[in-house]
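The block underneath contains the structure these notes are about, expressed in C-alpha cells.
The values are calculated or read from the model by the stated rules, or taken from the named source; none is laboratory data. All figures in this text were calculated on a predicted structure; none of them were measured in a lab. Please note: Cβ atoms are built from the backbone with ideal geometry, for glycine as well, and neighbour counts cover all protein chains shown.
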Ligand SMILES: [Zn+2]
C-alpha cells in the first residue's frame, strides 16, 4: 500500500473572504513533508484549527501576487521567527525574490532563519521546479490578469517486486534490491529485467490551478490526475474582464481530460450554498466536490 497523501483545504474563498470561506491556502502532507500552496490572510489561524504547526512547513508555492493569495505570509513569517525557527523556508512563485524582498522590508525584524526565494520562469509553459526521491513539483503558466502559475504535484512511479516471480528467477533479497536500483541484473549469464519480476505503480498526481481562466496547458498536464483543485469562482463564465473560471466550464473539461476527482475552490461570496455550484458542475462531471474550509482529502 502506498503512503497516503493528505490534502487540507485551509481557505477556499475568493478575493473577499467571509466567515465561511477564508482566503486561499492548501496544505499537502506526504512522506513527512508539509508543503503549502498559497498563503492567504489567516492561514496560520487555520493551521491552528487543524492542529498543524507552521514550523513543519518547508516550502510555500504562491500562485500569484494578489493579496488574497499571499497576505498570510508576513504574519506567518513573524510567528516562525518568534518560535525561533532555524530551518530555511523556501518560497516559490512568479518574481518571488522581488516580492519576498519587499515583504521583508516591511518590518523591523531581523529574521532568524533563511528565506530562499525561487522565481518561476515566466518564459516556460511547464517547468519542473522541485524534485526529491519521492515526488516532483511543476509550475504551469496559467491565464490570469497578472503573472500566475498553477502547480502540479507528481509522485514518482515505483516498482513493487513480485516475490513469487523473483523466486522463480532465483533472486536473493540483495539481488532484488539491486534490480530495483538498476532496472536489470545479470544472473548466471542471463539478464533479468525489472519488469519481469516487478509491477509498476503509476505515481499519483495532484494539480492546483490557482486563479485562472480555463487553460489548455493546465488541463493537458492534468490528464487523468487523481485530483484537480481548480478555480471555480463563478457558476457560469463571466467574460474576460473576470479572468477566472466557472464551475460549468471546468466540469466539462474535467470530463474531457479524464480527471478522477475535481475539487472546485476559490468560490465567490455571492454563492450562499455549495449546492447551487455543485448542481451545475455535476450535470457535466459527476465526480465533483465543492471545497469547504478545513476539508481534508486523503489519497490512498
Ligand atoms: Zn484570488
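Would you call residue 218 modelled with pLDDT of 95 or more and surrounded by 19 or more Cβ atoms within 10 Å (Cβ to Cβ)? Walk me through it before giving the result.
Details: modelled with pLDDT of 95 or more: yes; surrounded by 19 or more Cβ atoms within 10 Å (Cβ to Cβ): yes.
Criteria met by residue 218.
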Is there a residue being within 22 Å of the chain's Cα centre (by Cα), crowded, with 23+ Cβ neighbours inside 10 Å and assigned to a strand (DSSP E or B) anywhere in segment 265-278?
yes
Where in segment 1-101 are there strands (runs of 3 or more DSSP E), lying wholly inside it, with at least 3 residues that are within 14 Å of the ligand (Cβ to nearest atom) and under 18 Å from residue 115 (Cα atoms)?
none
For the structure I just gave you, tell me whether residue 259 is in the same structural domain as residue 209 (by TED's automatic domain parsing) and in a loop (DSSP other than H, G, I, E, B).
yes
Quick check: is even one residue across segment 194-201 within 20 Å of residue 227 (Cα to Cα), out of contact with any helix residue (DSSP H, G or I) (no Cβ under 7 Å at 6 or more places or on another chain), surrounded by 14 or more Cβ atoms within 10 Å (Cβ to Cβ) and touching a residue at least 40 places away in the same chain (Cβ under 8 Å)?
no
Can you go through 137, 111 and tell me which one is surrounded by 14 or more Cβ atoms within 10 Å (Cβ to Cβ) and assigned to a loop (DSSP other than H, G, I, E, B)?
111
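Can you name every residue in segment 179-193 that is assigned to a helix (DSSP H, G or I) and either touching a residue at least 60 places away in the same chain (Cβ under 8 Å) or surrounded by fewer than 14 Cβ atoms within 10 Å (Cβ to Cβ) (or both)? Even if it seems obvious, please write down each step before you answer.
First, pick out the residues of segment 179-193 that are assigned to a helix (DSSP H, G or I): 179-182.
The answer is 181, 182.
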Just name the residue that is farthest from the ligand (Cβ to nearest atom) out of those in segment 279-300 that are buried (at least 18 other Cβ atoms within 10 Å of the Cβ) and part of a loop (DSSP other than H, G, I, E, B).
285
Residue hits (segment 72-99; within 17 Å of residue 149 (Cα to Cα) and surrounded by 15 or more Cβ atoms within 10 Å (Cβ to Cβ)) are 90, 91, 92, 93, 94, 95, 96, 99
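Before we move on, is residue 123 in a loop (DSSP other than H, G, I, E, B), out of contact with any helix residue (DSSP H, G or I) (no Cβ under 6 Å at 6 or more places or on another chain) and within 17 Å of residue 150 (Cα to Cα)? Don't jump to the end; show me each part of the working.
Details: in a loop (DSSP other than H, G, I, E, B): yes; out of contact with any helix residue (DSSP H, G or I) (no Cβ under 6 Å at 6 or more places or on another chain): yes; within 17 Å of residue 150 (Cα to Cα): yes.
Spelling it out, residue 123 is indeed in a loop (DSSP other than H, G, I, E, B), out of contact with any helix residue (DSSP H, G or I) (no Cβ under 6 Å at 6 or more places or on another chain) and within 17 Å of residue 150 (Cα to Cα).
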Based on what the data block shows, is residue 115 farther than 27 Å from residue 299 by Cα and outside the structural domain of residue 230 (by TED's automatic domain parsing)?
no
By residue number, the members of segment 221-274 that are away from the ligand (no atom under 16 Å from the Cβ), in contact with a strand residue (DSSP E or B) (Cβ under 7 Å, 6 or more places away or on another chain) and on the phi > 0 side of the Ramachandran plot are none
List every residue pair whose Cβ atoms lie under 9 Å apart, where the two residues are 6 or more positions apart in sequence or sit on different chains, the first residue falls within segment 222-242 and is outside the structural domain of residue 14 (by TED's automatic domain parsing) and more than 22 Å from residue 297 (Cβ to Cβ), and the second residue, located anywhere, is within 16 Å of the ligand (Cβ to nearest atom) and assigned to a loop (DSSP other than H, G, I, E, B).
none
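Got a sec? Which of 252, 258 is surrounded by fewer than 24 Cβ atoms within 10 Å (Cβ to Cβ) and touching a helix residue (DSSP H, G or I) at 6+ places or on another chain (Cβ under 8 Å)? Steps first, answer last, please.
Values: 258 fails: touching a helix residue (DSSP H, G or I) at 6+ places or on another chain (Cβ under 8 Å).
Just a single option satisfies the conditions, and that option is 252.
Can you tell me how many residues within segment 183-192 are in contact with a helix residue (DSSP H, G or I) (Cβ under 8 Å, 6 or more places away or on another chain) and modelled with pLDDT of 85 or more? Please lay out each step first, then the result.
In the first step, residues of segment 183-192 are kept if they are in contact with a helix residue (DSSP H, G or I) (Cβ under 8 Å, 6 or more places away or on another chain); the result is 183-185, 187, 192.
Remaining after also requiring modelled with pLDDT of 85 or more: 183-185, 192.
Residues meeting the conditions: 4.
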For segment 202-221, give me each residue that is part of a helix (DSSP H, G or I) and either farther than 16 Å from residue 253 by Cα or in contact with a helix residue (DSSP H, G or I) (Cβ under 7 Å, 6 or more places away or on another chain) (or both).
219
